[in-house]
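Presented below is the structure to which this report refers.
Every number here is computed from the coordinates shown, using simple stated rules; none is lab data. Quick caveat, the model's predicted, so the values are computed rather than measured. As a convention, Cβ positions derive from the backbone with ideal geometry for all residues, glycine included, and neighbour counts pool all protein chains shown.
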Amino acid sequence: MHELSIVTSMISIVRENMARHGAGRLKKIKIRVGEMTAVEPEALRFCFEVCAGGTDMEGVILDIEEVPVRGQCIHCKNEFPLDRYLDSRCPVCGGESGGYVSGTELDIVSMEVE
Amino acid sequence: MHDVLINTKILVKNNEIANQNRKLLKDKGIFAINLMSSPGSGKTSIVEKTIDFLKDRIKIAVIVGDIQTDLDAQRIARHGIPVRQINTGRSCHLDAHMIQHTLPWLFEQGKTDLVIIENVGNMACPAEYDLGEDFKAAVMSVTEGDDKPLKYPALFRASRYLLINKVDLLAYTDFNMEKARHSAWAINPELKIIETSCADETGIAEWVDSIFKGDHENRVR
């Protein structure tokens, strides 16, 4: 269950940022999880509830944006969903994607504080 | 109430330690491979064959991650090379911090050319963790099914090599090799695929040779 280790890392980054900004009360943490990562959002929520429970983070909202896997056409530069990874073809011109433009994220975006 | 932007990778600490590990290993001239797969795909057998093929040419050490027991380490130690077991306890993967704590042991083993890190048997979690290796290699076996790449894309995207193991059993399964290769390349077109068998040594020579290929940065130094 590596979601626990991911949540622990996330909390320590949030605490560092709260100290640096002299933040008061934390309301929400916003993170971005790509659909191509081996990370399960529901397990993240569960681990966060367990880790935050009984601490000053209890009740903080974990806002998870699940980012779909998308590519960019090497010909017309159109961005499109990669339903079959790099086998997928551009719906506009039928071209290939040069790689992944999204779907691999595992990032903390921001925190909402009072 | 206001938003404070953070915009950082959640595993930033792990990645920093991994980069320190990478530098320490490079300074000592040690090439590092991170071997990942599901349990039972034959990772330990691949490690044993790699040792047998290479131990007269280069100095090898092995770091083995398992949730419990040192059974794999005992198997590998019989080949007469230094091996260190990391029991991860509750954790399903090795992380850079665990490797950092194992490096002093590694550096006490005298000159080493290659360290093979055998990760915890798990197709999902290890893929997210950089350990400081030179490359990651994935192992999947024909008894597991050809749909593994599509189910665990992160592992196949992160890896430079894919060993499709137990090909001696191919005739007894409904594994479709073309489909497996196609799916793996759909995720990672750069992936180098080698079909292997530890029973009849198919592909093992090709695999061990690959460790010596590439420029100075990408092979045993």
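Sum -39500 (n - 2.57) across every DSSP H segment of at least 4 residues in the protein assembly as shown, then divide by the residue count to get the 222 nm mean residue ellipticity, nearest 500.
Details: 10 runs with 107 residues, N = 335.
The helix contribution divided over the protein assembly as shown gives -9500 deg cm²/dmol.
At R0 = 25 Å, how high is the FRET efficiency between residue A:89 and residue B:192 if r is their beta carbon distance? Nearest 0.05 is fine. Spell out each step's value before the answer.
Numbers: r = 25 Å, r/R0 = 0.99.
Calculated value: 0.50.
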Relative contact order of the range A:2-113, defined on C-alpha pairs under 8 angstrom at six or more residues apart (%): 34
Chain lengthening between residue B:171 and residue B:27 when straightened (0.36 nm per residue, less Cα-Cα): 47.2 nm
Burial ordering of B:161, B:172, fewest other beta-carbon atoms within 10 Å first: B:172, B:161
Degrees between helix A:41-52 axis and first principal axis of chain A (Cα, 0 to 90, nearest 10): 10
Per-residue average of Cβ from other chains inside 10 Å of B:126-134: 2
Label-point gap, in nm, between residue B:151 and residue B:205 - each point 7 angstrom along Cα→Cβ: 3.4
Nearest-ten-degree value, helix A:2-21 long axis tilted from longest Cα axis of chain A: 70
Simple label model, 7 Å out from Cα along Cβ direction - residue B:221 to residue A:42, nm: 4.6
Label-to-label distance, nm, for residues given as residue B:78 and residue B:107 (7 Å Cα→Cβ offset): 3.4
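Taking 19 Å as the cut-off for C-alpha to C-alpha distance, list the pairs among B:166/B:192; B:43/B:111; B:136/B:179; B:28/B:192; A:30/B:9; B:13/B:111 that go past it. Please report the intermediate quantities before stating the final value.
Working: B:166/B:192 17 Å; B:43/B:111 25 Å; B:136/B:179 22 Å; B:28/B:192 27 Å; A:30/B:9 12 Å; B:13/B:111 29 Å.
Flagged as over cut-off: B:43/B:111; B:136/B:179; B:28/B:192; B:13/B:111.
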Evaluated over the protein assembly as shown, the Cα radius of gyration and Dmax, each in Å: 21.3, 66
Spatial extent of chain B: Rg and Dmax, with the Cα atoms as the point set, Å: 17.4, 66
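Going by how many other Cβ atoms sit within 10 Å of their own, how do B:105, B:185, B:207 line up, fewest first?
On the way: B:105 12, B:185 18, B:207 21.
If I rank by nearby Cβ atoms, fewest first, I get B:105, B:185, B:207.
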Cβ-based exposure ranking for B:102, B:196, in which fewest neighbours within 10 Å come first: B:102, B:196
Sum of side-chain charges, residue A:26 neighbourhood, beta-carbon under 13 Å (Lys, Arg +1; Asp, Glu -1): -2
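Just subtract the alpha-carbon distance of residue B:59 and residue B:178 from 0.36 nm times their residue separation and send over the number in nm, one decimal. Could you put the intermediate results ahead of the total?
Working: separation 119, 0.36 × 119 = 42.84 nm, distance 3.62 nm.
Net length gain for the segment: 39.2 nm.
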Antiparallel bridge percentage (DSSP; both residues within the protein assembly as shown; nearest 5): 35
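Just add up the charged neighbours of residue B:76: K/R +1, D/E -1, any other residue whose Cβ is under 13 Å from the Cβ of residue B:76.
0
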Gap separating the Cα centres of the range B:69-125 and the range B:134-196, nearest whole Å: 23
For the range A:2-113: span of alpha carbons on each principal axis (Å, largest first): 53, 27, 17
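Tell me, what is the Rg over Rh of the range B:103-213, with Rh the Kirkwood radius over Cα pairs?
On the way: Rg = 15.0 Å, Rh = 15.1 Å.
In the range B:103-213, Rg relative to Rh is 0.99.
Which FRET efficiency value, to the nearest 0.05, do you get for residue A:55 and residue B:88 by plugging their Cβ-Cβ distance into 1/(1 + (r/R0)^6) with R0 = 22 Å?
On the way: r = 25 Å, r/R0 = 1.14.
Efficiency, from the Cβ-Cβ distance: 0.30.
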Centre separation in Å (Cα based) which lies between the range A:1-63 and the range B:1-65: 26
Peptide-level mean, for B:5-17, of C-beta atoms on other protein chains within 10 Å: 6
Within-14-Å neighbourhood charge of residue B:184 [Cβ basis; K, R +1; D, E -1]: +2
